[in-house]
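The values are calculated or read from the model by the stated rules, or taken from the named source; none is laboratory data. Only a predicted model underlies this, so the values are computations on that prediction, with no experimental measurement involved. Glycine gets a Cβ as well: all are built from the backbone with ideal geometry, and neighbour counts include every protein chain shown.
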Amino acid sequence: MIKNSRTELRWGIGVVYLGRKPETNPKSTTCLMNDPTPVCIVGAGPAGTSAALKLAYHGIRCVLIDKATFPRDKVCGDAISGKVTTLLNRLDPAIIRRFEAEPGKVDIWGIQFYAPNGIPMEIPFVPAPGSDLPGAPGYVSRRWDFDHFMVREVERRPEVEVILGKAVKGYRPLPEGWEVQLEGGEVIHTRLLLVADGAHSRFSRHVAGLPVEKKHHAGAVRAYYRGVTGMDPRGFIELYFLKELTPGYFWIFPLPNGAANVGLGMRSDYIAKRRVNLRKAFEQVVQAHPVLSKRFAKAEREGPVQGYGLPLGSGRYRLSGDHYMLLGDAAHLVDPLTGEGIGNGFYSGFIAADQAKACIEAGDFSAAFMQAYDRRIDRVLGGELRLSYRMQRLARYPVLVNIIARIIHSNQGVVDAISRMYTDFEYRKQLINPLFWIRQMFKKSGSSAQ
Ligand SMILES: Cc1cc2nc3c(=O)[nH]c(=O)nc-3n(C[C@H](O)[C@H](O)[C@H](O)COP(=O)(O)OP(=O)(O)OC[C@H]3O[C@@H](n4cnc5c(N)ncnc54)[C@H](O)[C@@H]3O)c2cc1C
C-alpha cells in the first residue's frame, strides 16, 4: 500500500489505480473553478456538512461534494448526542431552533443499559455544565432526515457551493493543492482538501495510509421496525449487553409513530474470531431471545437488515498531510464503546474549519503546519476515545459487567454520578478507577457516590 500523502489516487469501477496519471484530454476535462477553490470538502455527511457550516461562519468559500442526492439513507442507529446540539447551538442558536422545529425525531432523556444477566441500569441525562440548550439533551432522528437538514443548512450559506449527485473518482496532487476529479470528467483545483467521505474512504486508506485493523474496527447491522412493544415512555434509548455478543451490544432506539431503529454491533476481530454472522445473530435475538423476542411478536420490519463498518477511534493515526485533513469516519473517530460517530464527526468538522482558517491566514498548507489539526483533535477527543477504549475492553467480561450492573442497580448515588459523567468528561474518568466501584459496593443504597 502506498502511504505517501502526495500519491495520486484514481479509481475505476471496482478497481483502484494507484500512482497513475489521469487522462488529461482537455476536451473531456472541465475545470469547475477559474481560480483554485480555497477549500474542497468531499462528503456531505455530518463531518462534511459541519465543516462547511463552520467555514461559512468564518466567511471562507468552499465547495461541498457528495455522490448522493439528498435526502439519502445512511446505515446508522440514528442517535444524535448532546455533542451535536451543543456545537450547533454554539455556532448559531438559530440553527438549533430550526432543528427543534423539525418533525420526525424523538427527544432522548437517558439510557437504559441491560447487563448480560438482565439487570437494568438506568442513566438519565443531566445537562452538561453551563449548557443553555433549549430542548432535549439528545435525539433519535433518521439519517434520511438529519443529514438532509444539515445539507439544507449548508445550502442557506452563500459561501458554500454544494455539488450533489456527483461522485469523486480520483485525486491528483498539485504543487499548490489537489485536483479533485469528478465523474463526468470535471475537475476542481483546491488549496485544501477536507476528506469526509465516510468509513470506506479510499483517500483515507490509500493516500493517507490509515489501515483497517480489526481490533480498531466494528461491524454493525440495523433495521427499522414498527410495533415493537414495551418502548420506554420517557424517551430512553435501550442498550443490551448480551453474554454471547460482547464486546458489543444490541439496541432499540425509539422513533416517532411507533417506529424503532433496532441493531446489533460488535468489534470486528471478535466477529472474525467467533465467526459471528451479524445478520443471523440479529435475527436470533429478535426471534428467539427469551425476553426481547416477546417485544417483537407483533412487530413488522420495514426494509432489509443493513450493515456497515465503524472505524473506531482507538488506534492512533496521522490525520492530515500536505494540503489535506481527514474528518469523521474517514479519520477513524467513532467512539469505541458507544459506537457514536456523528458527534465526533462534528468536532472534527469544526476543528478542520478552524485549521483551514489558520492555513489560509498563514498561507501555509504544509503537512508540518497541518499537524496542529491532529494535536487539537487529540486534545479535544483523544482522552475520551482512550477512556472509551478501556471501558470497551472491560465490557468483554460479562461477569464484570454483571457486577457493575448490580452495584449501579442498587445505588441511586451511583446512578446520579454516572448521569453526570455522561456529560461531564472529567468526572467520567472515575468510571475506570477500580477504587470507585469498590467504594460503591460498600455504600448504602441511596447515598451519594462522591
Ligand atoms: C449500524 C451503525 C449504527 C450507528 N449508530 C450510530 C448512532 O446511533 N449515533 C452515532 O453518533 N453514530 C452512529 N454510527 C456511526 C455514524 O454512522 C458515523 O460515525 C457517521 O455517519 C460518520 O459521519 P461522516 O460524515 O464521517 O461519514 P458519512 O456519514 O458516512 O458520510 C460520508 C458521505 O460521503 C459521501 N461519499 C462517499 N464516497 C464519496 C465519493 N467518492 N464522492 C462523493 N461523495 C462520497 C457519502 O455519500 C456520504 O454522504 C453508527 C454506524 C453504524 C454502521
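So here's what we get for this one:
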read-out: Pairs with Cβ under 6 Å, 6+ apart, first in region 242-267 and more than 18 Å from I119 (Cβ to Cβ) and away from the ligand (no atom under 16 Å from the Cβ), second among the hydrophobic types (A, V, I, L, M, F, W, C) and not in a strand (DSSP E or B); value: none
read-out: Selected residue (criterion: farthest from the chain's Cα centre (by Cα)) from residues of region 139-168 that are of a type in the set (D, E, K, R) and in a helix (DSSP H, G or I); value: E155
read-out: So V84, is it of a type in the set (V, I, T) and in the same structural domain as L182 (by TED's automatic domain parsing); value: no
read-out: Test: residue in region 62-73 that is touching a Lys or Arg at 6+ places or on another chain (Cβ under 8 Å), within 15 Å of E179 (Cβ to Cβ), at pLDDT 95 or above and within 11 Å of the ligand (Cβ to nearest atom); value: yes
read-out: Residue selected from region 171-208 under the condition among the small types (G, A, S), in contact with a helix residue (DSSP H, G or I) (Cβ under 9 Å, 6 or more places away or on another chain) and outside any helix (DSSP H, G or I), by the criterion surrounded by the most Cβ atoms within 10 Å (Cβ to Cβ); value: A196
read-out: Which numbered condition E283 misses (of (1) within 22 Å of F113 (Cβ to Cβ); (2) surrounded by 11 or more Cβ atoms within 10 Å (Cβ to Cβ)); value: (1)
read-out: Which numbered condition A136 fails, given (1) surrounded by fewer than 16 Cβ atoms within 10 Å (Cβ to Cβ); (2) in a loop (DSSP other than H, G, I, E, B); (3) within 24 Å of the chain's Cα centre (by Cα); value: (1)
read-out: Condition check for K83: under 21 Å from the mean Cα position of the chain (by Cα), modelled with pLDDT under 95 and within 15 Å of the ligand (Cβ to nearest atom); value: yes
read-out: The lone exception for R316 - which of (1) in contact (Cβ under 8 Å) with a residue 24 or more places away in the chain; (2) surrounded by fewer than 21 Cβ atoms within 10 Å (Cβ to Cβ) it fails; value: (1)
read-out: Test: residue in region 95-105 that is free of Cβ contacts under 8 Å to residues at least 40 places away in the same chain, closer than 26 Å to G235 by Cα and in a loop (DSSP other than H, G, I, E, B); value: yes
read-out: Counted residues, region 328-386 - those being within 16 Å of the ligand (Cβ to nearest atom), assigned to a loop (DSSP other than H, G, I, E, B) and among the charged types (D, E, K, R); value: 2
read-out: Subset of region 256-280 (residues that are in contact with a strand residue (DSSP E or B) (Cβ under 6 Å, 6 or more places away or on another chain) and among the hydrophobic types (A, V, I, L, M, F, W, C)); value: A259, A260, V262, L264, M266, I271, L278
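Conditions tested, residue by residue: (1) modelled with pLDDT under 95; (2) out of contact with any Lys or Arg (no Cβ under 6 Å at 6 or more places or on another chain).
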| site | (1), (2) |
| --- | --- |
| N277 | no, yes |
| F282 | no, yes |
| Q287 | no, yes |
| R316 | yes, yes |
| G321 | no, yes |
| A330 | no, yes |
| S348 | no, yes |
| I351 | no, no |
| A372 | no, yes |
